[in-house]
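Structure, as structure tokens:
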Amino acid sequence: MSEQHTTLGILGGGQLGRMFASAARTMGYDVVVLDPDSNAPAAHFATRHLCAPYDDAAALHALAHTCAAVTTEFENAPAAALEALASHCPVRPAASAVAIAQDRILEKTFLQDNGFPVGAFVVARNPEAFRQAIETIKYPAIIKTARYGYDGKGQVRVQSAAEALQALKDQPTLLPVVIETLVPLRLEISVLLARGADGQIALWPVAENRHQNGILDVTIAPARIREELAARACKIASDIAERMAYVGVLAVEFFVTGIDTLLVNEMAPRPHNSGHYTIDACITSQFEQQVRTLCGLPLGNPELLRPAVMVNLLGDLWAQGTPPWEVIFQEPNAKLHLYGKQAPRPGRKMGHFTVLGNSASEALEKAMRLRTALGMTDPS
């Protein structure tokens, strides 16, 4: 790229923006981050930090006229901001795709209307629709707010229509919502892919995920599942990306039920927590691929070099002070990644570590041993 086309922009300065900025700077690009937090972790690696709200006109103008292309690290970026930027420079993924993923009602409806496998759900936008919906859904069920729900937030599990009605009384701001029948979950997996503007798709190995209190705890790559199931999940995720004419890195999360039945749970229009292992274990990380799709470069090889396990590090771990990182440093096949966040608090993602092994089972055993040595509680 010529000198005037060496700057990339990103909405959001959290850990995903930080890792994007690190990858982009390593590849020779300058990075401008727009984030209202003066202590945004991505600012540590960015060339410039625009500390302003995401809908700030002056900041958006500066981003649009400084950057050759703009991306986002989170799905709740204002659609109007993305559209405004798109009138001046490429925005990838497009606002239309981000809009689907940031609203559970639009997301579920899109998946259902296009024939992708989803669990039973009903939509309620107002109290009357809610009262009707809770009489039609099967229980147990889970109520999910349509917007701004992540890491288990904005969700309520209920066993009956009466409990659902009480949940709305307790949290009237839940509406609008999606109400889903809980599925007999056997396993959770995720497919991470990158799709270029030319339609080329690169797929990383399917990952196996474990959650604790609604937050991703451990990712195992490759997932310990049959090849046929992995291929089917990759085909569904690729078809979703094709249907949205998606450009960028996309994560699709699946529930596995019964005898290898797949149900799409949700998707993320950005690099994903379950893909952090790609930094240490793959030829091309999800963040380098994000840069490549943004710049129109050929996609890198997503091949897994060695099986890996990623463990999230939450703020709870800091309750007794700085954790004993020497535990990780003493393991030659482990890598520690801290996100530069100033205030640890329960449930906040502060970092992760990745362990490589000769097999997924070997890497998992080492990771669990390190997890225990750090003082982390066992998953429930």
Legend entry - Likely footprinting exposure, 264, 122, fewest C-beta neighbours within 10 Å first: 122, 264
Inset, instruction - Sort 339, 29 so that the residue with the fewest other Cβ atoms within 10 Å of its own Cβ comes first and the one with the most comes last. - result: 339, 29
Legend entry - Binned Cα-Cα distances of segment 120-181, short to long, each 5 Å bin given as a whole percent: 4, 21, 37, 28, 9, 1
Legend entry - Alpha-carbon Rg with Dmax, taken over segment 194-269, Å: 12.8, 40
Inset, instruction - Treat segment 185-373 as a sphere of radius equal to its Kirkwood radius over Cα pairs and apply Stokes-Einstein at 10 °C in a medium of 1.306 mPa s; give the translational diffusion coefficient in µm²/s, rounded to a whole number. - result: 93
Legend entry - Under the Debye formula (equal points on every Cα, no solvent term), log10 I(q)/I(0) of segment 266-380 at q = 0.11, 0.14, 0.15, 0.19 Å⁻¹: -0.40, -0.64, -0.73, -1.06
Legend entry - Gyration tensor (Cα) of segment 1-122, equivalent ellipsoid semi-axes in angstrom: 28, 15, 14
Inset, instruction - Run a plain Debye calculation on the chain (Cα atoms as equal point scatterers, no solvent) and give log10 I(q)/I(0) at q = 0.07, 0.12 Å⁻¹, rounded to two decimals, same order as the q list. - result: -0.31, -0.96
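Step through the table entries 144/169; 108/169; 138/169, compare each Cα-Cα distance with 18 Å, and write down the pairs that go over it. Provide the component values of the computation, followed by the final result.
Details: 144/169 15 Å; 108/169 25 Å; 138/169 20 Å.
Listed pairs above 18 Å: 108/169; 138/169.
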Legend entry - Once the Cα gyration tensor of segment 25-95 is diagonalised, semi-axes √(5λ) in Å: 18, 15, 11
Inset, instruction - Find the eigenvalues of the gyration tensor of the Cα atoms of segment 89-211, then list the square roots of 5 times those eigenvalues as equivalent ellipsoid semi-axes, largest first, in whole angstrom. - result: 30, 18, 13
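No lab work stands behind these numbers, since they all come straight from the coordinates. Note that the structure is a prediction, hence the values are computed from the model and not measured. As a convention, Cβ positions derive from the backbone with ideal geometry for all residues, glycine included, and neighbour counts pool all protein chains shown.
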